[in-house]
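The values are calculated or read from the model by the stated rules, or taken from the named source; none is laboratory data. Predicted model only: the values in this text are computed from it and were never measured. Counting neighbours? That spans all protein chains shown, and the Cβs are built from the backbone with ideal geometry, glycine included. Surface accessibility is based on the protein's heavy atoms, side chains included, excluding ligands, DNA and RNA. Shrake-Rupley method; radii C 1.70, N 1.55, O 1.52, S 1.80 Å.
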Amino acid sequence: MNKALKNSGQDRTKWITAVVADADGRIFDLDGYAAVGMAGSDLRMLSPEDTVNLPFGAELMYLPNRMPVLFNLARKKIETLRENPYEPGSPIYPVAAFNSPGYVISRVSAYQEQSNASHLPLFSYGAVGWHKNRFRSAVFQIDSEPRQDLRLMKRADIIAGVERMRKIMPENRLRRHLERCALEYGCPAGKNFFLRRYEAPLPTSRACNARCLGCISLQQDSGIACSQNRIDFTPDPEEIAQVALAHIERVRNSVVSFGQGCEGDPLLAAHVIQPAIEMIRAGTGRGTINMNTNGSMPDVLKRLFSSGLDSVRVSMNSVRPDCYAAYFRPVSYEFADVIRSIDAALEMGKFVSINYLNLPGFTDSPEEVSALTNFLETHRVSQIQWRNLNYDPLLYWKAMNQASQNGPPVGMHQAVEQVRRRFPEIMHGYFNPPREKWTSGPQHVKPFKK
Ligand code: SF4
């Protein structure tokens, strides 16, 4: 344990108080203990400096069948606690934060599993502590756009929007599906369609050619619950175009996106997406038509670009093929196909972002950071979207360490800053930007002309 850690107990700027939960889920601060965050096997005390006030909309969770790892200020050492030191016999549990969109986790809540621990649900588990009467979260903001700020998404306005759309397109099955997304699943993209804000979702695909460990719409034999059910029909091109045009016509700098959490991969539904894009572009030159995809089928993607697709976001947890395969578990493609899709998009002058699923302890390993910078040397994408991975951290580190060598973390903030310094033209964010906000990418990115 480093000297700084040993002497830091006294210095109030060096630590924040630990928070834990009791068996009923009541969360409280634990006097005499400082909060610790983990990144792989690296444990570090959280300080006021490397935390922020818990962002609005973030949720706190306690982790069952696990024990908190905290710093005992009196004994000046890191300890794993099974029970409340002030109430012997009363079990206590670690607490984690599921942070709001736009915030990158720099440290995971520190804990150890008990022998009966099962898989954690599909959330991200940020480290959290208590300081000056506030919860403090180990995150930094990467995107400040209020696209999914719940304070601006009032339920009454969503319901009014749902009723309006019911009148405008009563038979449209995709509109009906989005109602469920917005009202039942609480999907912010679904809500934004009815609120006439920013980006509208166009889920279409029932199938996927990957089997991601953390797939939120389909989990088979993993014992993990899905966050939402996969769409159970394929909308017609007319239904897709009607929803897209309704959004583009009513929203400035609008984005409409294929590839949502409630579907498989949209490239496998190109037979309806291509004619839908042509209908949208026949109806308007405005708006940005985007696709979130695993990028597995470069030729299909090229066809969709030729039909009018404007931008693409390709998901990956790593730019190292073995780590990619260990998470995405591709069925009928390889990482090389994903690279071919990115290169094809860049060659066609399209705006390309990568949906970089990140977790401290792996994404900020020296090996992954250098692999990313080498990747960007030859595949100069327009934007990196830093998205916290929603998956059990211990299981993920185990899978990634089986797939590759990963040294001590350099820190997520340092990793992002390293990329910024090396590639100042690349945008960093969380959301798909409309073309009006593209400040990067091939200078010859040109909007689709009818
Ligand atoms: S690419 Fe998407 S839909 Fe396919 S398995 Fe992965 S998360 Fe699920």
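Based on Cβ point charges of +1 for Lys and Arg and -1 for Asp and Glu, what charge dipole magnitude is obtained for the range 150-437 about its Cα centre, in debye rounded to the nearest 20?
Details: 35 positive and 30 negative charges, 208 e Å.
Using only the charged Cβ atoms, the result is roughly 1000 debye.
Where the centroid of each part is defined by its Cα atoms, how far is the range 184-233 from the range 51-104 in Å?
Value for the Cα centre distance between the two parts: 30 Å.
Between Asp221 and Phe140, what is the label-point separation in nm under the 7 Å Cα-to-beta-carbon projection?
The answer from the label model is 4.2 nm.
Which of Gly89, Gly429, Gly287 moves most in a GNM of the chain, Cα contacts under 10 Å?
Gly89
Output needed: Cys residues of the chain lacking any neighbouring Cys C-beta below 4.7 Å, sorted by number.
Cysteines lacking a close Cβ partner in the chain: Cys208, Cys226, Cys262, Cys323.
I need to check one value: relative contact order of the chain, counting alpha carbon pairs closer than 8 Å and at least 6 residues apart, in percent.
Working: 969 pairs, mean separation 62.4, N = 450.
The value is 14 percent.
Ranked highest first by average number of other Cβ atoms within 10 Å, how do 356-364, 167-175 line up? Spell out each step's value before the answer.
Numbers: 356-364: 25.2, 167-175: 14.6.
Ranked from most to least packed, the peptides come out as 356-364, 167-175.
When the accessible area of the range 148-217 is split by element with a 1.4 Å probe, what percent falls to carbon and sulfur? Don't jump to the answer; show the numbers that get you there.
Working: 1680 of 3200 Å².
Its accessible area is 53 percent carbon and sulfur atoms.
Counting only heavy atoms of the protein chains, get the accessible area per residue of the chain (1.4 Å probe) and round it to a whole Å² value. It would help to have the intermediate numbers written out before the result.
Values: 18670 Å² over 450 residues.
Result: 41 Å² per residue.
Apply the Karplus curve 6.51 cos²θ - 1.76 cosθ + 1.60, θ = phi - 60°, to the phi angles in the range 370-385 and return the couplings in whole Hz, x for Gly and Pro.
Residue by residue, the range 370-385 yields 6, 4, 5, 5, 4, 4, 5, 4, 9, 10, 7, 5, 7, 8, 10, 9 Hz.
Set Lys and Arg Cβ to +1 and Asp and Glu Cβ to -1, take the dipole of the chain about its Cα centre, and tell me which of Val162, Ala225, Leu301 lies farthest positive.
Of the candidates, Val162 comes out farthest on the positive side.
Mean-square fluctuation check for the chain, GNM, Cα pairs under 10 Å: which of Ser137, Ser332, Ser365 is largest?
Result: Ser332 has the largest fluctuation of those listed.
For a quick check, take a GNM of the chain with Cα springs below 10 Å and name the residue from Ala282, Ala110, Ala39 with the largest mean-square fluctuation.
For the chain, modelled as a Gaussian network with Cα springs under 10 Å, the answer is Ala282.
Against the longest alpha carbon principal axis of the chain, how many degrees, from 0 to 90 and to the nearest 10, is the axis of helix 155-168 turned?
On a 0 to 90 degree scale, this one is about 20.
Roughly to the nearest percent, how much of the accessible area of the range 12-141 is carbon and sulfur, given a 1.4 Å probe? Please list the in-between numbers first.
Numbers: 2670 of 5630 Å².
The value for the range 12-141 is 47 percent carbon and sulfur by accessible area.
Roughly how far apart, in whole Å, are the Cα centres of the range 321-394 and the range 138-176?
Value for the Cα centre distance between the two parts: 29 Å.
Give a residue-ordered list of calculated ³J(HN,Hα) values for the range 72-81 (Karplus: 6.51 cos²θ - 1.76 cosθ + 1.60, θ = phi - 60°; whole Hz; x for Gly, Pro).
Once θ is set to phi - 60°, the couplings for the range 72-81 become 7, 5, 6, 8, 6, 8, 7, 9, 9, 9 Hz.
Can you give the local net charge around Asp299? Use residues other than it whose beta-carbon is closer than 10 angstrom to its beta-carbon, Lys and Arg +1, Asp and Glu -1.
Details: positive: Lys302, Arg303, Arg340; negative: Asp337.
Net local charge, Asp299 excluded: +2.
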